[in-house]
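**Q** One structure, as structure tokens, below. Some questions next.
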Amino acid sequence: MAVTLYGIPNCDTVKKARAWLAERGTEVQFHDFKKAGVPADQLDRWIASAGWPKLLNRQGTTWRKLDAATQAAVVDAASARALMLAQASVIKRPVVAWADGSITVGFDPAVWAAQPS
């Protein structure tokens with residue numbers, strides 16, 4: 001299984017993550033949310049692995065631009081999943097599926113250094 005990085009190419013964190021992986025010679029398949037959308041089956045896996053609260057980026061611009069009613073409606077995995085499928089930019093980036101099948105959310109070089117590539 002190859003390493004797959006999910007995100008948006010113009011996201012600064014995704015850029016840093018891709019550069020970090022490239023520096024280490026890690027072969028990465030990039031999945032662009034803007035062009036290819038969010039794969040629903042993978043989203044389910046991420047929610048099961050990392051939890052929807054970690055996956056939902058409440059600090060990002062997309063979340064802050066949502067109206068209060070939409071924000072308040074996100075109360076569980078199902079409501080978070082629906083929002084993430086509708087607006088991929090609310091997903092904390094990057095999401096990485098590592099060679100061993102594990103999932104990480106966000107860029108943390110210390111955590112990533114221990115991952116199999």
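**Q** Restricted to the range 83-103, and to residues that are touching a residue at least 12 places away in the same chain (Cβ under 8 Å), out of contact with any helix residue (DSSP H, G or I) (no Cβ under 7 Å at 6 or more places or on another chain) and of a type outside the set (D, E, K, R), which residue is nearest to Ala72 (Cα to Cα)?
**A** Residue satisfying both the conditions and the ranking: Val96.
**Q** Do we find that Thr61 is polar (S, T, N, Q), in contact with a helix residue (DSSP H, G or I) (Cβ under 9 Å, 6 or more places away or on another chain) and at pLDDT 95 or above in this structure?
**A** So Thr61 fails the test.
**Q** Across the range 35-51, what is the total count of residues that are loosely packed, with under 15 Cβ neighbours inside 10 Å and under 21 Å from Asn10 (Cβ atoms)?
**A** Of the residues in that region, 3 qualify.
**Q** For the range 62-82, how many residues meet the condition of being more than 28 Å from Gln115 (Cβ to Cβ) and touching a Ser or Thr at 6+ places or on another chain (Cβ under 9 Å)?
**A** Selection size over the range 62-82: 1.
**Q** Among the residues of the range 61-82, what is the count of those that are small (Gly, Ala, Ser) and touching a residue at least 24 places away in the same chain (Cβ under 8 Å)?
**A** So the answer is 2.
The values are calculated or read from the model by the stated rules, or taken from the named source; none is laboratory data. Note that the coordinates shown come from a computational prediction; the quantities given were computed from them, not determined experimentally. Neighbour counts run over all protein chains shown; Cβ positions are idealised from the backbone, glycine included.
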